[in-house]
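Reading through the structure tokens given below for one structure.
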Amino acid sequence: MLPEHLTLPYDWTHHLAADTNRIRKDLAYQETVPVEEALRRTVAWERAHPPKQIDSSRFDYAAEDSVYAKNAA
């Protein structure tokens with residue numbers, strides 16, 4: 001179970017799976033930028049545009065570590 005500060009009001013009892021095979025087959029979709037380059041660009045953009053304010057109440061690392069420890073065992 002997620003720590004309360006990470007819990008969203010959604011029903012997570014169903015598994016979600018994303019598959020791009022159909023769009024690739026039917027529409028000949030392909031990435032315009034390779035995955036590695038897209039990731040590099042995204043990280044660079046995030047570093048160049050940090051949030052103006054950070055809500056410290058959204059972070060509870062002790063709770064997250066506790067959940068991780070329970071699930072890693």
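Rule-based calculations on the coordinates, nothing more; no lab input. Keep in mind that this is a model prediction, so the values were computed, not measured. All Cβ positions, even for glycine, are placed from backbone atoms using ideal geometry, and neighbour counts span all protein chains on display.
Checking each residue in the range 45-73 for being under 18 Å from residue 1 (Cβ atoms) and more than 18 Å from the chain's Cα centre (by Cα) picks out 62, 63, 66, 69, 70, 71, 72, 73. Number of residues in the range 1-25 that are of a type in the set (Ser, Thr, Tyr) and under 17 Å from the mean Cα position of the chain (by Cα) equals 2. Residues in the range 1-36 that are in contact with a helix residue (DSSP H, G or I) (Cβ under 8 Å, 6 or more places away or on another chain) and of a type outside the set (A, V, I, L, M): 3, 4, 5, 29, 30, 31.
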